[in-house]
1. Assign one of three labels to the range A:82-165, namely rounded, prolate or oblate, based on the Cα gyration tensor with a ≥ b ≥ c the square roots of its eigenvalues; rounded applies when a/c is under 1.5, prolate when it is not and a/b is larger than b/c, and oblate otherwise.
2. With the cut-off at 1.5 for a/c, could you classify chain B from its C-alpha gyration tensor as rounded, prolate or oblate?
3. For residue B:105 paired with residue A:234, estimate the spin-label separation in nm (one decimal), with each label point 7 Å from Cα along the Cα-to-Cβ line.
4. To the nearest 10 degrees, how steeply does helix A:82-92 sit against the main Cα axis of chain A, on a 0 to 90 scale?
5. Helix A:154-165 against the longest principal axis of chain A: what's the angle in degrees, Cα atoms only, rounded to the nearest 10?
6. So what is the calculated 222 nm ellipticity per residue for chain A, using -39500 (n - 2.57) for each DSSP H run with n of 4 or more, over all residues, to the nearest 500 deg cm²/dmol?
7. Given springs between every Cα pair under 10 Å in a Gaussian network model of chain A, which of A:203, A:235, A:48 has the largest fluctuation?
8. Please check: in the Gaussian network model of chain B (C-alpha springs, under 10 Å), which one of B:77, B:143, B:91 has the largest mean-square fluctuation.
C-alpha cells in the first residue's frame, strides 16, 4: 500500500505548489493544530489504539480539510453549528410532556454531562448497547412522557451536540471489552465487509486509502469524534448514523437504518478507532 | 419509423457478425484474468469510452489518473495511473480487468463492472434500497468494449 507516503512529497503536491493552486493537501493530513476559542486544545493526532492493526497514527478529519473549513471550527462565533446548540440549550430548560419535566429539572446544569460523550457508546444495565440518542429518547418517553425525537432530526442532533460539547477537548475512551466485546466485534466485522454492487468496505477507503483523493474528495480516516458534525454541503448538523447510511448507500448497497442495532455496533467500533482523539463535536466539515 | 429502422439495423449487425448477443456475466471466460473474446461483438468506440471514463457507473478517473483526460477535473489517486496502459497490457487483459479485476487481482478494491450477482446487500443503484429484481452489470457489454478501446489508445512507447 502507499499508506506511508509522507505528506508533501507527492508529485501532485509539487505541481500544486508550483502553480499556486489552493489545492487540498494531497498525500495526507496537514500539520495544523486545533485550538478552539484560543483556550481548548483539541488532540487531532494520536498513536492508534492497540486494537488497530493497520494504522499507526490516528487523525481527526479536521486535519484533512481546507484552511477555510478548518477556520470555521476554531472559534465558536464562526461555527455554524452553534445556532443549533443554542436552540438545544433552550430546549434543555423547557418543560415538555405529561410529567411536567424538562431536562434541567432532573439534570440541573447541562455541564453535569461533562465526560459522558467520551465514553459513548456503552452497554447499559439491561445488556443493550446504548448510544446518546437512546439516552435522550429514553428520558423523553419515560421520564418526561413526551414524544421520542426522530434520530437525525434537528432537535435530536442539536441535543446530542450540546451534550457532547460538555466533553469537548476530553479524550475519547470507549470500552471495547467485557459486555461491549460482542457488539464491538459485530461492528468490526461490518467495517471490513465489502457491501453493495461496488463491493466497498469502510476499510477500503478509510483504512487503505486515507489521505488519497477519490475524485474531488480527500479521504480521511472516517473518525466520528467530531459528530454530530456541521456539514457545509448539507448546511446542518449530521448524525453519525446518517453518515454511515450515506456511505453504505454510496456503495450501491441496501443500506441500514439510522438507529438500527447494526449501526449502534458500527458506531462503537468506529468510535473505538478514535480512542485517543479529543471529543470535537460540533465539528465543521465540507 | 425509428423503431423499424433500429430493428433493421440490429438485424444487420447480427447477420454481419453471427454474434449471438452479449454473454451473461457468469458466462464470460477468463484465462489468467484476461478475456479474449469481445463481449459485444461490435468494435469498441474509444470516444464513447472516453466519456464513460468520466461519468455514470464508469467514472474511472474517480480512482485513476489519466493524462489524456487532463481536461477533466479531479482525478483520483486510489488505483494505478493509466498512462501507457496499452503498453503494459494486452487488449484481452484490459478487457478482463475492466470486466472483473478481482479475477486477476483478488484483493483489488476496483469494482467489477461486468458482474451482476454474488454481492452482499446489493442495492438499487444509489437509492439505498434493495432492488426489485436482478441487477444489471455496472456497464453493458458494449460499454466495456468502448472503455477497452479507449484504454488501448493509452500508449507512451
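Each reported figure results from applying straightforward, stated rules to the coordinates on display, with no laboratory input. Bear in mind the structure is a predicted one, so any value in this text is a computation, not a measurement. Note: ideal-geometry Cβ built from the backbone for every residue, glycine included; neighbour counts use all protein chains shown.
1. rounded
2. rounded
3. 3.2 nm
4. The answer is roughly 20 degrees.
5. For A:154-165 against chain A, the angle is about 80 degrees.
6. Helices in chain A give a 222 nm mean residue ellipticity of -8500 deg cm²/dmol.
7. A:235
8. B:77
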